Every structure is written in C-alpha cells, then in structure tokens.
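To keep things clear, I will list the structure first and then write my remarks on it.
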Amino acid sequence: MRSIVLIFALLLLSFGAAADDRTELQELHAAVNALNQEQQALFQQFQMLQELRRANDQASYAAQLRPPQAGSEVPNYADGVQAQKDLARQGEDLAQQANQIYAQYKEIGDKKTQLRQRILELTLSR
C-alpha cells in the first residue's frame, strides 16, 4: 500500500514537471522567435550600412578621378584634401557602426544557440 502511494506521488510530480517543461518550452520558443526578429532587424541595418559604405567609397573614388572641367575654376587644394578626409572619416565611422552591429548580431546568435540547446535538452528528456 505504501509503495502504491509513493508511486502515485511520483507520477503526480512527473506530470507537474511535464507541465513545467511544456511551459518552459513555450517560453524558450517565444524567446528564440523574438531573438530571430531582433537579429533580422540588425541584419537589415547592417545591409543599409554596407550600402552607405559602398556609396561613400564610390564618392571617394569619383572625387579622386574627376578631372578639372575646361573653362572652370581650379578647385582649392585644401578644400579637396578636406573633402577626402571627410569621406575617409565617414567611411571609418560607417565601418565601425557595421562592426558594432555585427557584434550584436553574433551575440544574439550565441544566445539563440544556448536557448536551442536548452530546448533540445527539454525535448530529449521527455
């Protein structure tokens, strides 16, 4: 009789643990989905920054290759140098922003890996 009560108590605990596991699984899946959305937004920001960098590089090359127009005033050397420095600084800023976004993207990927590992553990323990 005592063993039946003990077995019944263990069964009740296992059903409670299974319900807790299901709840945790749902929460983990929701967290992974939220991280996916955040990662997608970061990827879009990264793509926009890459496009800005390409446009900046093209502007820099175009400024270097542009010959003086016939009959026009020769541009001031100091202004040209300053414009090139500004373009280079802007390119460096964009590269730094892209690196920061990539680091955030990778950090989210690491978090998702940990959550997926926990999901796998809970799924296999069923």
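The values are calculated or read from the model by the stated rules, or taken from the named source; none is laboratory data. In this text the structure is predicted, and so the values were computed from the model without any measurement. Note: areas computed on protein heavy atoms with side chains; ligands, DNA, RNA excluded. Shrake-Rupley method; radii C 1.70, N 1.55, O 1.52, S 1.80 Å.
Once phi is turned into θ = phi - 60°, what whole-Hz ³J(HN,Hα) does the Karplus curve with 6.51, -1.76 and 1.60 give for every residue of segment 106-116, x standing for Gly and Pro?
Once θ is set to phi - 60°, the couplings for segment 106-116 become 5, 4, 5, x, 5, 4, 4, 4, 5, 5, 5 Hz.
Across segment 37-48, in residue order, what do the Karplus-derived ³J(HN,Hα) couplings come to in whole Hz, using 6.51 cos²θ - 1.76 cosθ + 1.60 with θ = phi - 60° and x for Gly and Pro?
5, 5, 5, 5, 5, 5, 5, 5, 4, 4, 4, 5
List the aspartates and glutamates whose alpha-carbon lies under 12 Å from that of LYS106, not counting same-chain residues fewer than 8 positions away?
GLU38
Before I look further, what does segment 24-126 give for accessible area per residue, probe 1.4 Å, in whole square angstrom?
78
Would you mind pulling out the separation of the Cα centroids of segment 17-46 and segment 96-126, in Å?
Between the Cα centre of segment 17-46 and that of segment 96-126, the gap is 10 Å.
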